[in-house]
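FYI, it's all coordinate maths here, none of it is from the lab. Given the structure is predicted, the values throughout are model-derived calculations rather than measurements. When we count neighbours, we look across all protein chains shown, and the Cβ atoms used for this are built from the backbone with ideal geometry, even at glycine.
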């Protein structure tokens, strides 16, 4: 898959002159009196203070709603009212909000704002009515950094990383980052895939196997049966998730001249049925298309634009044969919180986190996504990047760490992302024209700033 990223960037580099893609992004949300959040964990406490030491006022369950009317200067905490009438503080990370919600527009609420338990009398002053700010509004500050909140009960979002090996240093880095999944890539028929499963389990990780196969034979029904049989065996051996193929919209991974979302969906259906028959608990992830718009420059015999390909998958019924829709995002050089401002120009939606999520998931309605590859490239500590990767020349290691943490937080809060795999944790190769190590969380000096940043989001730091 790493070589595919190189191929993809080559396409992007040479296709921009021929490609014009426009995307419309909405402006900032208007200020609202309250924003309704839905609990996305099994159990969530509302407290009397913006602190885990605050008294418990109400215990909320998955699916219950909270009307958030303000926020604290303590990062990650919101002030609001539960369905049972409790008024107090709650960790925002564990609530899902509407896509157009802008929590930074909510007023700051002072720490002595009135609170009261469900069905009880106020703990201090009278509790504000729903929609009251609970205190004098002040100009909202800049967006807070990721909250230090425990992710142990975070329902529906987990973090992992693609690895070169599960060495002690790699395992330690992943644990510091709050990762519970490891990703490895395997080829149909490769016995090493079974060893990957055992190795992951021995180290306490769930494992995602991204399984590719024979590019020339993949369009043949008989070979699709062979492939389905192999992924079924992996499921029976204990694979926690299987990604069915990878970047099948480019000729590096699919037979040239035969790229087709319909044919891919036929493969996906066979693989899904084989996997579920072997192990119903194995998560089936559709192959993530390469994020590209190079079709106009290279022709549809070599590449399909990812948005057109995904629409074809959805029309062919791929959503019925996937527990999660595979996504890739690996060419960002701005924060995932930005929807514009990329120095390369704003006419390329795959450069922005939100744009890529929308392209990949919107055709599937409410189906959730799994990032099987998300990373930020930084040459810091290595030297100049090859020409095809020069777009990332100014990305620092600190930016890489910050943006990975922001992406994880954004994914967790959105409710749209089930799993995020960081590409990558420990790759060391930087030579030639494929600087894989530039994406690595573990840097050449052995440091891992991204481990600390992600660990704060996932609640282990």
For segment 227-295 the mean separation of alpha carbon contacts under 8 Å (6+ apart) over residue count, i.e. relative contact order in percent, is 51 percent
Could you order peptides 202-208, 440-446 by the average number of other Cβ atoms within 10 Å of their residues, highest first? 440-446, 202-208
Which order do 447, 222, 69, 286 fall in if you start with the one that has the fewest other Cβ atoms within 10 Å? 222, 447, 69, 286
Fraction of antiparallel bridges per DSSP, segment 148-458 only, in percent to nearest 5: 5 percent
Take the Cβ-Cβ distance between residue 394 and residue 83 as r, set R0 to 60 Å, and report the resulting FRET efficiency rounded to the nearest 0.05. 0.80
For residue 276 and residue 51, what is the calculated FRET efficiency with R₀ set at 45 Å and r taken between the beta-carbons, to the nearest 0.05? 0.50
Percent relative contact order of segment 148-458, based on C-alpha pairs within less than 8 angstrom and at least six residues apart? 20 percent
Please compute the Kirkwood hydrodynamic radius of segment 334-378 from all pairs of different C-alpha atoms, in Å with one decimal. 11.7 Å
In percent, how large is the relative contact order of segment 401-455, given Cα pairs closer than 8 Å and 6 or more residues apart? 39 percent
Indicate the gyration tensor shape class of segment 259-355 (rounded, prolate or oblate), computed on the Cα atoms with a ≥ b ≥ c the square roots of the eigenvalues: a/c under 1.5 is rounded; otherwise a/b larger than b/c is prolate and the rest oblate. oblate
Please compute, for the alpha-carbon atoms of segment 148-458, the extent along each of the three principal axes and give them in descending order in Å. 48, 47, 38
Would you list 376, 382, 348 from fewest to most Cβ contacts within 10 Å? 382, 348, 376
Most exposed first by the Cβ proxy, i.e. fewest other Cβ within 10 Å, how do 108, 259, 56, 325 rank? 56, 108, 259, 325
